Amino acid sequence: MTEQTHTSKVAIIGAGPAGLFAARELADKGTPVAIFNRDVKPGGLAEYGIYPEKLRIKEGLRCQFRDIVRAQGVSYFGNVTVGVDSPLNFNSLRQLGFSAILVAAGAQGTKWLGLPGEDCPGVYHAKELVYHYNHLPPYACQEFPIGRKVMVVGVGNVMTDIVRWLLTLPQVEEITTIARRGLAEIKFDDRELLPVAAALDVDDFQREVERISPAMKWIGQVPSEAAARVLTVAQSVTDPKPRARWRMRFLYSPSKILSEFNHVTGIKLEENRLESTSTGTVARGTGRYTEEPLDTLIFAIGDQVDRSLGLPVEGSRFVLAETPRYPIGNVSYEMADTADHRWQGVFVCGWSRNASTGMVGIARRDGMNAARALSEYLLDRPEEAGVSDAVITAFLHGAGLNPVRTPDLDRLETIENDRAAAAALSEYKFDTNEEMLRVMGLLP
């Protein structure tokens, strides 16, 4: 099918797992879609968020994504940003002729705690570093100086990936991870713990368990059971001890970032106690404080939606309809409508709907469910002609954008594979969009 004859009825913003599987669901049911992706390559966090050494997982997902962007009824436009400051926005998508829009752009906003000094040199968000070591432009070319004593705030799977990366840096001597709650609330699983378990200072960990045991027992938790999981994995590894040691600290919340000469030097932490509520275990400050010296601070505390898209936001989420017309399993996927019906026909899925929740499997289901909700919406609308690839391409070029199409991706993949083979690397990635566009023939 040519650019002139292929028409799309739904615009999908984002080409991570949620957007791609939603595209497949819609196309398989006869609703053609156009995917608009900020990045050159599809995949989102599946491409740029999974630790580099997990190549088998990545390549398995890439195979699925290749099939989706090549499928009949799916048109791919990479290197295209949608947002209020872009020529391509919700108004222009409507004007082009799309019947509905599905936002699957992930959670591109960065969540911070709002502490003074978060913009101080030496303070990073985990997302920046994950993008850096996964070679996502422009982060791939940015420098992130890391010191000897590093603290990571957060205890999820992203934290273990950050620790894993830090262990590859020769200058790092000590890594401390901080959790505001207790050992029973850690979020990483055994598979994520295994690659970093050799670095855990087991004696220090056991002393930390003893320290927090009274607080855990106070709310009915059993410290030995919670600790056994970590110790079992740590004691099962036969890898040699790395140079850096990893310490875990619980029941602390950052309260102030300490700095001198415009660089982070430490952190002030408030000690917490645990409280059991109807919604789970919460941490409450005690008013007691301690300070820890460090020269690098990394926040691994989740993400929030990207306000630059232009959708209404409340807190860290887009504002969804509380009583949706097209719920799937009692879940709302549609934006809350307004008096002028500005957001009618706009649906949301994946991390754009629920930031930092699950990985590929959950995003896949969420994307497919959103596609079903959107399909029900389309059934209630008059049949519309849609918009051809030729019209989309002409608009993007006229707006000064340089879209990447599926044949371009094929060329890029071939070139990167050839370079990896020539250098005897497991994979090769260009670090800038300009390099990728040039080898694809889209830039002189």
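May I ask you to list the residues in region 73-91 that are surrounded by fewer than 16 Cβ atoms within 10 Å (Cβ to Cβ), in contact (Cβ under 8 Å) with a residue 12 or more places away in the chain and not β-branched (Val, Ile, Thr)?
Taking region 73-91 first, the residues surrounded by fewer than 16 Cβ atoms within 10 Å (Cβ to Cβ) are 84-85, 87, 91.
Adding the requirement that they be in contact (Cβ under 8 Å) with a residue 12 or more places away in the chain leaves 84-85, 87.
Selection gives ASP85, PRO87.
Can we say ILE68 is under 24 Å from LEU412 (Cβ atoms) and hydrophobic (A, V, I, L, M, F, W, C)?
yes
Consider region 167-185. How many of its residues are assigned to a loop (DSSP other than H, G, I, E, B) and either among the aromatic types (Phe, Trp, Tyr) or in contact (Cβ under 8 Å) with a residue 12 or more places away in the chain (or both)?
Taking region 167-185 as the starting set, the residues that turn out to be assigned to a loop (DSSP other than H, G, I, E, B) are 167-173, 179-182.
So of that shortlist, the ones also either among the aromatic types (Phe, Trp, Tyr) or in contact (Cβ under 8 Å) with a residue 12 or more places away in the chain (or both) come out as 167, 169-173, 179-182.
Residues flagged as assigned to a loop (DSSP other than H, G, I, E, B) and either among the aromatic types (Phe, Trp, Tyr) or in contact (Cβ under 8 Å) with a residue 12 or more places away in the chain (or both) within region 167-185 amount to 10.
Tell me, please, whether a residue that is hydroxyl-bearing (Ser, Thr, Tyr), more than 25 Å from the chain's Cα centre (by Cα) and in a strand (DSSP E or B) can be found in region 232-248.
no
Looking at SER352, SER388, SER332, can you tell me which residue is over 25 Å from VAL158 (Cβ atoms), surrounded by 19 or more Cβ atoms within 10 Å (Cβ to Cβ), hydroxyl-bearing (Ser, Thr, Tyr) and touching a residue at least 24 places away in the same chain (Cβ under 8 Å)? Write out each step before concluding.
Details: SER352 fails: over 25 Å from VAL158 (Cβ atoms); SER332 fails: touching a residue at least 24 places away in the same chain (Cβ under 8 Å).
The match here is SER388.
What single numbered condition from (1) modelled with pLDDT of 95 or more; (2) under 30 Å from GLY367 (Cα atoms); (3) surrounded by fewer than 20 Cβ atoms within 10 Å (Cβ to Cβ) fails to hold for GLY109?
Only one criterion in (1) modelled with pLDDT of 95 or more; (2) under 30 Å from GLY367 (Cα atoms); (3) surrounded by fewer than 20 Cβ atoms within 10 Å (Cβ to Cβ) is unmet by GLY109, namely (1).
For region 227-265, enumerate the residues that are without any contact (Cβ under 8 Å) to a residue 40 or more places away in the chain and farther than 26 Å from ALA198 by Cα.
Listed by number, the residues that qualify are GLU260, PHE261, THR265.
So which residues in region 235-271 are modelled with pLDDT of 95 or more and in contact with a helix residue (DSSP H, G or I) (Cβ under 8 Å, 6 or more places away or on another chain), if there are any at all?
Matches in region 235-271: ALA244, ARG245, TRP246, ARG247, MET248, ARG249, PHE250, LEU251.
Just to be sure I understand, how many residues within region 247-306 are within 30 Å of CYS349 (Cβ to Cβ) and hydrophobic (A, V, I, L, M, F, W, C)?
6
Against the definition (farther than 29 Å from GLU25 by Cβ, modelled with pLDDT under 95 and within 28 Å of the chain's Cα centre (by Cα)), how does SER426 come out, yes or no?
Against the criterion (farther than 29 Å from GLU25 by Cβ, modelled with pLDDT under 95 and within 28 Å of the chain's Cα centre (by Cα)), SER426 qualifies.
Looking at (1) loosely packed, with under 14 Cβ neighbours inside 10 Å; (2) within 26 Å of ASP85 (Cβ to Cβ); (3) among the β-branched types (Val, Ile, Thr), which is the only condition THR393 fails?
(1)
Check PHE250, PHE261, PHE205 and return the single one that is among the hydrophobic types (A, V, I, L, M, F, W, C) and surrounded by fewer than 13 Cβ atoms within 10 Å (Cβ to Cβ).
When all the criteria are applied, what remains is PHE261.
Whether any residue in region 213-229 is touching a Gly at 6+ places or on another chain (Cβ under 6 Å) and over 25 Å from GLU118 (Cα atoms) is what I want to check. Don't jump to the end; show me each part of the working.
Filtering region 213-229 for residues touching a Gly at 6+ places or on another chain (Cβ under 6 Å) gives 216.
From the residues that got through so far, the ones that are over 25 Å from GLU118 (Cα atoms) too are 216.
So far as region 213-229 goes, yes, one or more of its residues are touching a Gly at 6+ places or on another chain (Cβ under 6 Å) and over 25 Å from GLU118 (Cα atoms).
On the basis of being β-branched (Val, Ile, Thr), crowded, with 17+ Cβ neighbours inside 10 Å and touching a strand residue (DSSP E or B) at 6+ places or on another chain (Cβ under 6 Å), does VAL230 make the cut?
So VAL230 fails the test.
Report, by residue number, each residue of region 372-405 that is closer than 16 Å to ASN79 by Cβ and either aromatic (Phe, Trp, Tyr) or in contact with a Ser or Thr (Cβ under 6 Å, 6 or more places away or on another chain) (or both).
ASP389, PHE395
Looking only at residues that are touching a residue at least 60 places away in the same chain (Cβ under 8 Å) and of a type outside the set (Lys, Arg) in region 54-72, which one is farthest from PHE98 (Cα to Cα)?
Result: LEU55.
Would region 273-292 turn up any residue that is touching a residue at least 24 places away in the same chain (Cβ under 8 Å) and within 21 Å of the chain's Cα centre (by Cα)?
Among the residues of region 273-292, not one is touching a residue at least 24 places away in the same chain (Cβ under 8 Å) and within 21 Å of the chain's Cα centre (by Cα), which makes the answer no.
Looking only at region 167-185, filter to residues that are farther than 30 Å from GLY280 by Cα and among the charged types (D, E, K, R); which one of those is farthest from the chain's Cα centre (by Cα)?
Looking at residues that are farther than 30 Å from GLY280 by Cα and among the charged types (D, E, K, R), I get GLU173.
The values are calculated or read from the model by the stated rules, or taken from the named source; none is laboratory data. Given the structure is predicted, the values throughout are model-derived calculations rather than measurements. Virtual Cβ from ideal backbone geometry, glycine too; neighbours counted across all protein chains shown.
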